Amino acid sequence: MNKLNWAIIGTGRIAHTFAQALAGVEGAELYAVGSRSLQKAQAFAEEFGFKKAYGSYDELVKDKGIDVVYIATPMSSHYKDTMLCLDNGLNVLCEKSVSLNMGELDKMLAKAREKGLFFMEAMWMKCRPVYLKALEWVRESRIGTPQYLKADFCNQVKYDRSDRLFAPECGGGALLDLAVYPLTFALDFLGREPKELTAYAHIGKDGVDLSNSITLKYETAFADISSGFELPCINRAVISGDKGSIVFADWFFCCCEVTLFDDETNMVEKCEIPNEINGYEYEIREVHRCLEAGLTESKLVPHESTIAVMKIMDECRRRWGMKFPNE
Ligand SMILES: NC(=O)c1ccc[n+]([C@@H]2O[C@H](COP(=O)([O-])OP(=O)(O)OC[C@H]3O[C@@H](n4cnc5c(N)ncnc54)[C@H](OP(=O)(O)O)[C@@H]3O)[C@@H](O)[C@H]2O)c1
């Protein structure tokens, strides 16, 4: 397997988790890290063993040795960071939500096409083995026609105006940070084009949603989704059809266990696949597989899926009157 030189932009929470996975993936070279502070970049590089540390993102993208950049900055920076990488001829794996809105995403995808470069949303859930097993069960009609889906992603986060989660200028709010998972999940299992939606939100004093509840209606199916920073939830997910159900364990988007039940709620099959590292190894391997095959888009995380979710999030915010600065 060819080695791939990885670079990371941003040295926050998820960058640390991702770097742990990267260090354990065969063929992944911890090559460069870029931060707005040289000191932070150097500390990060030392912690994980990156060869190079840059004190600005602009300096990092000039490095000719990089094969792919993982963007781990807040939502509000994804557009400019992605454009910076693509303009400098670099492939991109960009954290969710990949942009603030469809306008930005359109331009990012057009730029990737123009440059012939790889672009993928870091929607790691879609690369996880138990997720793929559940999709296989549905394809094999093990639950019949899926008609009902329920998925939550809620946790309790202490209010801190300086945290990107609460900051409109960073693209804060539960919708882009959390609902992106259950929405992606619903669109994967029920289809990318719901006929109607309802969307309610509790908008906090800073102008971003602290909790939300979204229903998607299809011809013969419904998805019931909630997410937020105000309640500690179990965050399971279930998909039911006329022949049975699939239940994802707690924290459905990163769980290691899915269970298949028949139409009388008897357990039929359980699939349990523990993480090999910390769960992010699967999306990293997917990037390797795509780049080795010369692909500019992943089949597991296709652009169309990212677009379909972004359109729904735009529509939810339109109904809530929730705008980010400069929108
Ligand atoms: N896949 C997952 O499981 C997962 C989990 C958590 C978060 N995420 C996503 O990953 C992204 C980052 O989340 P995070 O929780 O890691 O955020 P975070 O801890 O706040 O870190 C973000 C990093 O981005 C850089 N940055 C650039 N411009 C910034 C600005 N204006 N304000 C603050 N930081 C800025 C900073 O790094 P430097 O100072 O080094 O430049 C900062 O450390 C988000 O898109 C989030 O949705 C994904």
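Structure data summary
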item: Leading residue by the ranking (nearest to Val287 (Cα to Cα)) among those in region 35-74 that are near the ligand (Cβ under 9 Å from one of its atoms), surrounded by fewer than 16 Cβ atoms within 10 Å (Cβ to Cβ) and of a type in the set (S, T, N, Q); result: Ser56
item: Count of residues meeting criterion [within 23 Å of Val208 (Cα to Cα) and crowded, with 23+ Cβ neighbours inside 10 Å] in region 224-245; result: 5
item: Residue tally, condition under 15 Å from Glu59 (Cα atoms) and near the ligand (Cβ under 7 Å from one of its atoms), over region 10-33; result: 1
item: Met125 vs. criteria part of a strand (DSSP E or B) and either within 13 Å of the ligand (Cβ to nearest atom) or in contact with an Asp or Glu (Cβ under 8 Å, 6 or more places away or on another chain) (or both); result: no
item: Of the criteria (1) touching a Lys or Arg at 6+ places or on another chain (Cβ under 9 Å); (2) in a helix (DSSP H, G or I); (3) surrounded by 13 or more Cβ atoms within 10 Å (Cβ to Cβ), which one Glu304 fails; result: (3)
item: Some residue of region 148-156 being hydroxyl-bearing (Ser, Thr, Tyr), within 16 Å of the ligand (Cβ to nearest atom) and under 24 Å from Leu231 (Cα atoms); result: no
item: Flag for Thr296 being closer than 30 Å to Val25 by Cβ and polar (S, T, N, Q); result: yes
item: Residue tally, condition over 16 Å from Arg164 (Cα atoms) and surrounded by 21 or more Cβ atoms within 10 Å (Cβ to Cβ), over region 196-214; result: 4
item: Residues within region 133-145 that are touching a residue at least 60 places away in the same chain (Cβ under 8 Å) and either surrounded by fewer than 24 Cβ atoms within 10 Å (Cβ to Cβ) or assigned to a helix (DSSP H, G or I) (or both), tallied; result: 8
item: Qualifying residue in region 169-183 (condition: more than 11 Å from the ligand (Cβ to nearest atom) and closer than 14 Å to Val238 by Cβ); result: yes
item: Filter result for the condition that a residue is farther than 28 Å from Lys80 by Cβ, away from the ligand (no atom under 16 Å from the Cβ) and without any contact (Cβ under 8 Å) to a residue 12 or more places away in the chain, over Glu264, Glu230, Glu257, Glu219; result: Glu264
item: Strands (runs of 3 or more DSSP E) fully within region 1-81 counting 3 or more residues that are farther than 16 Å from Ala122 by Cα; result: 28-34, 52-54
item: Of residues in region 92-117 being crowded, with 23+ Cβ neighbours inside 10 Å and outside any helix (DSSP H, G or I), the one nearest to the ligand (Cβ to nearest atom); result: Glu95
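Every number here is computed from the coordinates shown, using simple stated rules; none is lab data. In this text, all values refer to a predicted model and were calculated from it rather than measured experimentally. Here Cβ is always computed from backbone atoms with ideal geometry, including for glycine, and neighbour counts include all displayed protein chains.
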